[in-house]
Amino acid sequence: MSESTREIIHPMAVLFLVAAVAAMLLGFVYEVTKEPIAQQEAKQLKLSMQSVMPSATAFEELEGVAEGNITAVYQSDTDGFVLAVNTLGYGGSISLLVGVNADGTTSGVRILSHSETPGLGARSTEPEFYEQFVGMTSPVAVTKDGGQVEAITSATVTSRAVSNGVEEALEWVAQKGGAY
C-alpha cells in the first residue's frame, strides 16, 4: 500500500469508528429515555385534560372517532369529553384541548402549542383569554363576528382560530357525543 493511500484510509477508518461508537451511544440513550419520556408526556396530557375538565379524574381515548381538525377524543368519567384540536392561526398550527361537559357547555380550553407572534397571538395562552370560553355553548365566535369572545388586541386571527377550534369541538359533541 502506498503512503498516500494509507494517509486517506487511516483517517477514514478512525472517522468510521468514531461515527459507529457515537451512533451506538445515541441508540442506547434513546432506548433508555424512550419510556420515561412517554410516561412524562402521558402525565402532562392527563394534567392538561384535568385543567380543562376539573371535575373528571379519568379519561379514556375513543379510537377512530377523530375527524377534521379534531385529532383525538377522550371521554371523561363525568360523561364529558376532552377533544384535542388543531386549527390554523396567524403563525401556523395551534394545538388546543377543549373540555365539553355532558350538557354541551365548555368546561375549559388550553393552548398546548402554537407558533403565534410573541406578545400578540401568544397571549392566547394567558388565562385572561382562554378562561372566557368556560360555560360557552355553540355558536362560539369573536365579537367582531357577532359572537361573545373578546379577541386579543391585534391578534384577531389567533382569536378566531381558537374560537373555531372550540366551536368544532362543541359541534362534534353535539353530533356524536351521545353515541359514546
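For a quick protection proxy, order the peptides 94-103, 157-166 by their average other-Cβ count within 10 Å, most packed first.
Going by the mean number of other Cβ atoms within 10 Å, highest first, we get 157-166, 94-103.
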request  = Calculate one ³J(HN,Hα) per residue across segment 79-90 by plugging θ = phi - 60° into the Karplus curve 6.51 cos²θ - 1.76 cosθ + 1.60, and present them in order as whole Hz with x for glycine and proline.
outcome  = 6, x, 10, 10, 10, 8, 10, 10, 9, 9, x, 5
key: segment 59-179 - convex hull of alpha carbons, volume per residue in Å³   = 92 Å³
request  = Find the relative contact order for segment 59-179 and round it to a whole percent, using C-alpha pairs within less than 8 Å whose residues are 6+ positions apart.
outcome  = 21 percent
ask   = What residues have an amide H closer than 5 Å to that of Leu62, excluding those fewer than 5 places away on the same chain, when H is modeled at 1.01 Å from N in the peptide plane?
value = Val73, Tyr74, Gln75
message = Limiting things to C-alpha atoms, what are the Rg and the maximum Cα-Cα separation (Dmax) for segment 22-79, in angstroms?
response = 16.0, 50
remark   = Rounded to the nearest 10 degrees, the helix 156-176 long axis (Cα) sits at an angle to the longest Cα principal axis of the chain of 70 degrees
task = Report, to the nearest 10°, how far helix 3-52 tilts away from the longest principal axis of the Cα atoms in the chain, using its own Cα long axis and a range of 0 to 90°.
result = 20 degrees
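Rule-based calculations on the coordinates, nothing more; no lab input. Being a predicted model, the structure only gives us computed values, none of them experimental. Neighbour counts are summed over all protein chains in view; Cβ atoms, including those assigned to glycine, are modelled from backbone coordinates with ideal geometry.
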